[in-house]
1. Considering 35, 89, which residue is in contact (Cβ under 8 Å) with a residue 24 or more places away in the chain and closer than 19 Å to residue 5 by Cα?
2. Got at least one residue in the stretch 85-96 being within 17 Å of residue 17 (Cα to Cα) and surrounded by 13 or more Cβ atoms within 10 Å (Cβ to Cβ)?
3. For residues in the stretch 11-47 being within 24 Å of residue 93 (Cβ to Cβ), of a type outside the set (A, V, I, L, M) and in contact with a Pro (Cβ under 9 Å, 6 or more places away or on another chain), which is surrounded by the fewest Cβ atoms within 10 Å (Cβ to Cβ)?
4. From the list 25, 17, which residue is β-branched (Val, Ile, Thr) and free of Cβ contacts under 8 Å to residues at least 24 places away in the same chain?
5. Picking from 62, 68, 58, 102, which residue would you name as being assigned to a strand (DSSP E or B), modelled with pLDDT under 95 and not hydrophobic (A, V, I, L, M, F, W, C)?
6. Of everything in the stretch 50-63, what is free of Cβ contacts under 8 Å to residues at least 40 places away in the same chain, on the phi < 0 side of the Ramachandran plot and not hydroxyl-bearing (Ser, Thr, Tyr)? Give them in sequence order.
Amino acid sequence: MPKLLLTKRNIDSKKHVPSVDSGQVDYFDTELKGLLLRVGKESKTFYCMVDVKDKETGKFKGKREKLGAYGELTPEEARAMAPEIIKRLREGRPAKDERQGGRSCNYALPFPAHENRG
């Protein structure tokens, strides 16, 4: 788990964030605990990640939420968004798409699902 001050200069630097041939590497921000940059072969994406204690088992479990791709978001924008998301993750409140029943699309099916299509 490498740690790095997530700035445009550091992220663009091959010295600090070398390219990845396979898999992913997570770079944790040294300024804001819970903010990370996941670097893959073709993308760099900001995430928030916190450990939350499971009430049933008593064990800690990592909860993560995607903020957006580097380039669409600057490190400063991601850092500004992160505290609210980290707070929500710690409180156990679901992400926006989970509140919608896990559906990622907003359109209705062309026919009722219970209809017999035979």
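1. Details: 89 fails: closer than 19 Å to residue 5 by Cα.
Only one candidate passes the filter, namely 35.
2. Within the stretch 85-96, the first condition is being within 17 Å of residue 17 (Cα to Cα), and the residues that meet it are none.
No - not one qualifying residue is present in the stretch 85-96.
3. 26
4. On the way: 17 fails: free of Cβ contacts under 8 Å to residues at least 24 places away in the same chain.
Of 25, 17, the one residue that is β-branched (Val, Ile, Thr) and free of Cβ contacts under 8 Å to residues at least 24 places away in the same chain is 25.
5. Numbers: 68 fails: modelled with pLDDT under 95; 58 fails: assigned to a strand (DSSP E or B); 102 fails: assigned to a strand (DSSP E or B).
Of the residues listed, the single one that is assigned to a strand (DSSP E or B), modelled with pLDDT under 95 and not hydrophobic (A, V, I, L, M, F, W, C) is 62.
6. If the condition is that a residue be free of Cβ contacts under 8 Å to residues at least 40 places away in the same chain, on the phi < 0 side of the Ramachandran plot and not hydroxyl-bearing (Ser, Thr, Tyr), then 51, 53, 54, 55, 56, 59, 60, 61, 62, 63 are the ones that fit.
The rows are residues; the columns are (1) part of a helix (DSSP H, G or I); (2) closer than 16 Å to residue 63 by Cα; (3) over 17 Å from the mean Cα position of the chain (by Cα).
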residue	(1), (2), (3)
9	yes, no, yes
19	no, no, yes
22	no, no, yes
38	no, yes, no
46	no, yes, no
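The values are calculated or read from the model by the stated rules, or taken from the named source; none is laboratory data. As the structure is a computational prediction, the values presented were derived from the model and not from experiment. So basically every Cβ, Gly included, is an ideal-geometry build from the backbone, and we count neighbours across all protein chains shown.
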